[in-house]
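Shown next, in structure tokens, is the structure this report addresses.
The values are calculated or read from the model by the stated rules, or taken from the named source; none is laboratory data. No experiment lies behind these values; they were computed from the predicted model shown. Using ideal geometry, Cβ is built from the backbone for each residue, glycine included, and neighbour counts are taken over all protein chains shown.
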Amino acid sequence: MVDNSATTVSCATTVSCTTAIPCTTTISYKRRVWRRFRTHRRGMFGLAMIVVLVGVAMTAPLIAGNVPILCHYQGAWQAPGVVDCLRRFPILDRVIPPSYPFSKAGFDAKEALSEDDFSLWPPVAYGPSETTRVSLAGPSKRHWLGTDEVGRDVFSRMVHGTVVSVQVGIVSMGIAGVLGIFFGAIAGYFGRWVDAVVSRVIEIVICFPDFFLILTVMVWLEPNITNVMVVIGLTRWTGIARYTRGEFLRLKEMDFVVAARANGAGAARIVLRHLLPNALAPILVTISFGVAQAILIEAGLSWLGFGVQPPAPSWGNLLRSAYDHYRDAPHLVYPPCIAIFLAVLAHNLVGDSLRDAIDPRVHATGKVKV
């Protein structure tokens with residue numbers, strides 16, 4: 001017999017056991033994966049770097065820009081920096097109007113605001129395309145990373161170049177993820193001739209090296225960030241499709257899918273409600289590695305002149321410009337190199353740690369002692 005008086009229940013969420021019998025509770029699969037992921041220091045370090053990159057991209061006008069964050073101009077309070085920051089979101093740019101006259105072309109806020117007007121400026125009060133009288137200058141208190149060949153602040157261009165890298169990684173792999181999951185799902189679920197056709201298409205696309213295929217397509221298109229994201233997304237979906245197909249082939253014969261089919265569930269319901277949620281974890285690993293590859297591809301395209309075109313900032317064209325002036329200003333090479341390295345490293349660390357967290361061969365138990 002077990003002495004029930006030795007077991008103390010403090011509240012609904014806290015249980016302290018003083019008996020010799022271990023107390024176990026079953027937790028959800030997502031929580032198990034998150035707990036395993038938190039034990040990987042490299043993965044948490046990579047996740048922290050990704051959060052910093054996304055935060056810099058979202059708040060770029062508040063970090064470096066030629067308009068004040070908050071000011072009192074012509075008897076009214078305005079926040080042009082905050083407005084520019086909010087208008088970076090897809091929906092808010094249609095709801096929030098630009099700050100007038102700060103958004104007007106040719107308007108110089110530094111000259112328009114007098115000394116009597118209150119103004120709160122970003123830490124680096126230079127826009128990414130704003131030129132100064134000093135070119136190829138070294139790091140200083142005014143220009144933290146120096147200036148380029150036409151006098152533009154390098155730190156400001158690096159900050160706004162982060163926006164390009166984050167956009168390319170998210171949007172391009174978003175396109176690739178939708179295409180890969182769609183084709184992989186129909187191939188894995190329906191099988192037979194559908195699987196054969198999709199698999200042959202995947203094999204044909206895989207035969208071509210990704211970068212050279214993208215470079216060939218970009219020769220015929222206008223070099224801009226939109227075309228770069230679309231082309232990368234249309235050529236990077238094959239790996240995601242193969243993983244999705246394999247997971248669907250494994251899951252569709254399991255008991256819960258057979259039971260759903262026996263209860264009359266249609267193909268769409270089985271795929272969306274049962275198969276896809278259970279197959280999503282390994283797909284996210286592939287997408288994480290794909291974001292790192294997309295950042296590298298964009299940098300390579302911009303280096304060759306087929307990506308983001310100056311004066312718009314990008315880590316790739318910043319590195320190209322720094323390389324052209326390496327003898328005169330070698331310090332300009334290091335910021336874009338370090339930024340590209342850290343961004344790629346962060347996504348690879350997250351993908352590697354996430355792969356270990358969802359691997360059943362590494363963690364076989366589904367219960368946690370409390």
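For T19, state whether it is at pLDDT below 50, in contact with a helix residue (DSSP H, G or I) (Cβ under 6 Å, 6 or more places away or on another chain) and more than 30 Å from P122 (Cβ to Cβ). Answer is yes for this residue. When the helices (runs of 4 or more DSSP H) confined to the range 79-129 are screened for residues that are farther than 19 Å from V54 by Cβ and touching a residue at least 24 places away in the same chain (Cβ under 8 Å), those reaching at least 2 such residues are found at 109-112.
In the set (1) closer than 25 Å to L234 by Cβ; (2) out of contact with any Ser or Thr (no Cβ under 6 Å at 6 or more places or on another chain); (3) surrounded by 23 or more Cβ atoms within 10 Å (Cβ to Cβ), V285 fails one condition alone, (3). Of all residues in the range 314-341, exactly one satisfies the criterion of being within 20 Å of M229 (Cα to Cα) and part of a loop (DSSP other than H, G, I, E, B), namely S314. When the residues of the range 195-249 are narrowed to those that are touching a Ser or Thr at 6+ places or on another chain (Cβ under 9 Å) and of a type in the set (D, E), which ends up surrounded by the most Cβ atoms within 10 Å (Cβ to Cβ)? Looking at residues that are touching a Ser or Thr at 6+ places or on another chain (Cβ under 9 Å) and of a type in the set (D, E), I get D210. Close Cβ contacts (under 9 Å, 6 or more residues apart or on different chains) running from residues in the range 328-354 that are free of Cβ contacts under 8 Å to residues at least 24 places away in the same chain to residues that are in a helix (DSSP H, G or I) and among the small types (G, A, S) comprise P330/A322; V333/A322; Y334/A322; C337/A322. The residue list S129, S103 contains one member that is of a type outside the set (A, V, I, L, M), surrounded by 13 or more Cβ atoms within 10 Å (Cβ to Cβ) and at pLDDT below 85, which is S103.
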